[in-house]
Amino acid sequence: MKLSSKLGLAVWASLLSAAAYSQQSVKWDAARAALAGQGCVKDVDAFVLENGNDLSVVFSNLGVNLPGNSSSTLAARSNCTVRVPARVAPGVYIGELTQRISYGVTKTARTRGSVATRSTFFGFPVSPYTIDLPYGRSINEPLLVNSRQDLFSVRTTPTWYQGWCAPRRAPQGLYQANFAISGQKDHASEDLIMFVDGLDLKWEIVAGPVQCQL
């Protein structure tokens, strides 16, 4: 089967300033970002970009490609680990995160696949997120969207306020994420194609900054 619209994957990690803030809430150090895994060689097939509070990691070779009758391979997996240094502006902490995945896929009924991520921000875990492409269902969709919103609180230790809200202290840390795309089919004649091509599939975190009461 010829894939009419290849699957694309872009990872967007965004921190959007609230209306009350005129300053940039998060500074990303894209130049020192580190990527490792299959299909995610930095500046070759994976590109880290920053634009104000927004960070994007765009992949062009991360996916699963199991077209019918192309080989006897019945399962495949791609993965990538991303680490990006970041600094949060003084007087701000993070209160809410939205994870959103938009993606495209071509699959026949006797196949299954998934897109999954586990990540942390400044050492605080972000809820794992998995999108399942179920067995028994044929899908030929260039664009689907899934999203979930989670509270993200740094108020986990007695000293959290001092660490995040000190007027002259800009907290520094890492955004770290592990991404995995996997697929399996029952027979060589089945089709399962989840392939990277631009921005058809993207994963993003939108973090809502909250002003400290100094």
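I'd like to check something: does segment 147-159 contain any residue that is under 14 Å from PRO128 (Cα atoms) and surrounded by 15 or more Cβ atoms within 10 Å (Cβ to Cβ)?
yes
Against the condition of a type outside the set (S, T, N, Q) and crowded, with 17+ Cβ neighbours inside 10 Å, how does LEU49 come out, does it pass?
no
For LEU199, indicate whether it is within 21 Å of VAL82 (Cβ to Cβ), part of a strand (DSSP E or B), modelled with pLDDT under 80 and aliphatic (A, V, I, L, M).
no
Applying the selection to segment 92-125, what residues are buried (at least 21 other Cβ atoms within 10 Å of the Cβ) and among the small types (Gly, Ala, Ser)?
Across segment 92-125, the qualifying residues are GLY104, GLY113, SER119.
Exactly one of these conditions fails for TYR175: (1) over 24 Å from GLY52 (Cβ atoms); (2) aromatic (Phe, Trp, Tyr); (3) at pLDDT 75 or above. Give me its number.
Going through (1) over 24 Å from GLY52 (Cβ atoms); (2) aromatic (Phe, Trp, Tyr); (3) at pLDDT 75 or above one by one, TYR175 breaks only (1).
Give the residue that is farthest from the chain's Cα centre (by Cα), with candidates limited to residues of segment 37-90 that are charged (D, E, K, R) and in a strand (DSSP E or B).
Looking at the filtered set, the residue picked out is ARG87.
With the requirement that a residue be under 20 Å from ASP54 (Cβ atoms) and not in a strand (DSSP E or B), what does segment 91-134 give you?
Within segment 91-134, just PHE122 meets the criteria.
The values are calculated or read from the model by the stated rules, or taken from the named source; none is laboratory data. Because the structure is predicted, anything quoted here is derived from the model rather than measured. Here Cβ is always computed from backbone atoms with ideal geometry, including for glycine, and neighbour counts include all displayed protein chains.
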